[in-house]
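A short reminder: the numbers here are calculations on the coordinates, not readings from a lab. Because the structure is a prediction, the values reported are computed rather than measured. Methodologically, a virtual Cβ is constructed for each residue, glycine included, from the backbone with ideal geometry; neighbour enumeration extends over all protein chains shown.
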């Protein structure tokens with residue numbers, strides 16, 4: 001298939017681009033700066049722990065979305081706050097049959113589209129101010145996806161895979177269409193696990209449950225997943241935040257296939273791992289706090305659900321982020337033992 005990966009030089013986008021290209025798909029990535037130059041010169045490389053040599057793919061690299069021809073599939077592998085500035089360019093390369101797979105963490109802009117019930121077509125302002133994405137992109141083109149792998153950019157044009165290969169997919173209306181089966185087959189052939197789910201929104205919440213909790217707590221404390229889950233006070237805070245979010249989600253018809261204790265235990269098993277939000281803080285990058293936590297608070301207001309713990313952690317993390325961004329700096333602490 002003809003695939004365009006927007007953010008293809010990034011950690012997840014690069015992982016997808018290499019694997020899909022090596023499986024025989026015609027892949028174009030949209031990148032910039034040093035990454036664009038590196039990929040044009042030597043290809044896009046992926047380092048896997050079980051492979052002795054990097055996997056290199058010769059993909060077409062362009063510096064703007066407008067340079068990409070209309071593809072069969074567009075993978076939108078940028079962070080939620082990076083979608084709005086490119087939404088018009090994205091819409092311009094979409095053909096009537098083009099499939100768009102947004103891969104943002106948190107509550108996606110399309111969450112209420114094709115969702116039967118009282119909230120159908122409601123705009124999630126936190127991630128789509130004024131409904132810009134909702135207006136620009138036809139929901140008929142969208143397939144939902146949840147991203148589970150852990151990867152990071154080691155150097156421009158070089159991606160390192162840490163663990164995981166699951167990218168569950170789901171039509172917004174829960175159907176099992178011919179097109180989603182083709183996309184699932186494409187992903188599976190490339191080495192991913194991409195089952196077709198009837199309820200992609202419940203899967204979104206399952207991942208978000210951990211991200212909206214451990215990411216901001218780790219940023220505020222500089223703690224690892226293991227440390228947060230083992231320290232009694234932060235573990236109890238995580239538990240309270242998850243309980244508030246679960247109440248919101250269940251009012252929207254979501255079901256959780258694991259309970260809170262099992263979800264916390266799963267995070268603890270990851271070990272002394274810094275969350276992506278803490279890594280962004282230490283690098284001076286803007287934090288995804290609106291998409292991961294602000295959106296949940298917004299849904300709490302919509303469903304008239306109190307979220308006192310979520311509100312407090314959001315306020316603290318948002319202020320931290322704004323201070324670091326205003327200083328055009330970064331924030332990290334020396335590594336310590338224990339928690």
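Which residues in region 46-74 place their backbone N less than 14 Å from a point set 7 Å from the Cα of residue 177 along the Cα-to-Cβ direction? The answer is 72-74.
Between residue 230 and residue 41, the modelled labels are 4.3 nm apart [label points 7 Å from Cα along Cα→Cβ].
Report the Cα centroid-to-centroid distance between region 1-36 and region 238-290 in angstrom, as an integer. Each part's Cα centre sits 28 Å from the other's. Every helix of 4 or more DSSP H residues in the chain counts as -39500 (n - 2.57), and over all residues that averages to -12500 deg cm²/dmol at 222 nm. Where in region 85-128 is the amide nitrogen less than 11 Å from a point lying 7 Å along the Cα-to-Cβ axis of residue 1? Residues 98-101 fall inside that zone. Entry note, region 2-198: relative contact order of 21 percent, from Cα contacts under 8 Å with a spacing of 6+ residues. Kirkwood's formula applied to the C-alpha pairs of region 2-198 gives a hydrodynamic radius of 16.9 angstrom. Estimated at 0.36 nm per residue, the fully extended path between residue 193 and residue 135 surpasses their Cα-Cα distance by 17.7 nm. For residue 97 and residue 302, the difference between the fully extended length at 0.36 nm per residue and the C-alpha to C-alpha distance is 70.5 nm. From a point 7 Å beyond the Cα of residue 316 in the direction of its Cβ, which residues of region 206-233 have a backbone N at a distance under 20 Å? From region 206-233, the list is 209-233.
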